[in-house]
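Working notes, structure below.
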Amino acid sequence: PAALNLVRRGIGLVRDGIVSMLTTGDQFENLQNRLTSLMGSVAEGERATAWIKTFAKDTPLQLGDVTDAFALLKAYGLDPMDGSLKAIEDQSEKLGGGMERLEGITTAVGQAWA
C-alpha cells in the first residue's frame with residue numbers, strides 16, 4: 001500500500017507538471033498572437049514578445065501584467081519599448097508597486113498623451 005501511494009503521488013506530480021506546461025504553452029501562444037495583432041506583423045510581434053519577456057524578468061511583474069501594460073500604452077499610441085513602460089514601472093514601484101498601481105499610472109499617462 002505505501003509503495004502504491006508513492007507511485008500514485010509520483011504520477012500526480014507528473015500529471016500536474018504536464019498540465020502546467022500545456023497551460024503555459026497556451027498562454028505563450030495567446031501572448032504571441034495578441035502581440036502580432038497589436039504590432040501589425042509577425043516579425044514585430046516576435047520582437048515585442050522578446051522585449052516583454054526580458055522586461056518581465058527584470059521586474060517583479062508577471063509576464064501577463066507586463067503584456068497588459070504594454071498593450072495599454074500601445075493602444076494610446078505610445079511605444080512601450082522606448083523607455084516609457086520602464087519609467088512607469090519604476091514610478092509604480094516607488095509608490096508601492098503592483099499591477100493595479102501600474103495600470104492606473106499607465107492609463108493616466110496614456111490619457112494625457114491621447
Discussion item. If I go through the range 54-71 residue by residue, how many of them are among the aliphatic types (A, V, I, L, M), in contact (Cβ under 8 Å) with a residue 12 or more places away in the chain and part of a helix (DSSP H, G or I)?
Written reply: 4
Worksheet, complete the sentence: Looking across the range 54-86 at residues that are surrounded by 16 or more Cβ atoms within 10 Å (Cβ to Cβ) and of a type in the set (Asp, Glu), the single one that is farthest from Gly96 (Cα to Cα) is Asp68
Discussion item. Restricting to the range 41-53, name every residue that is surrounded by fewer than 18 Cβ atoms within 10 Å (Cβ to Cβ) and part of a helix (DSSP H, G or I).
Written reply: Val42, Ala43, Glu44, Glu46, Arg47, Ala50, Trp51, Lys53
Worksheet entry | Residue that is modelled with the highest pLDDT, among those in the range 72-107 that are farther than 21 Å from Pro60 by Cβ and either part of a helix (DSSP H, G or I) or of a type in the set (S, T, N, Q) (or both) | Asp82
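The values are calculated or read from the model by the stated rules, or taken from the named source; none is laboratory data. Because the structure is a prediction, the values reported are computed rather than measured. With ideal geometry, Cβ positions are generated from the backbone for all residues, glycine too; neighbour counts draw on all protein chains shown.
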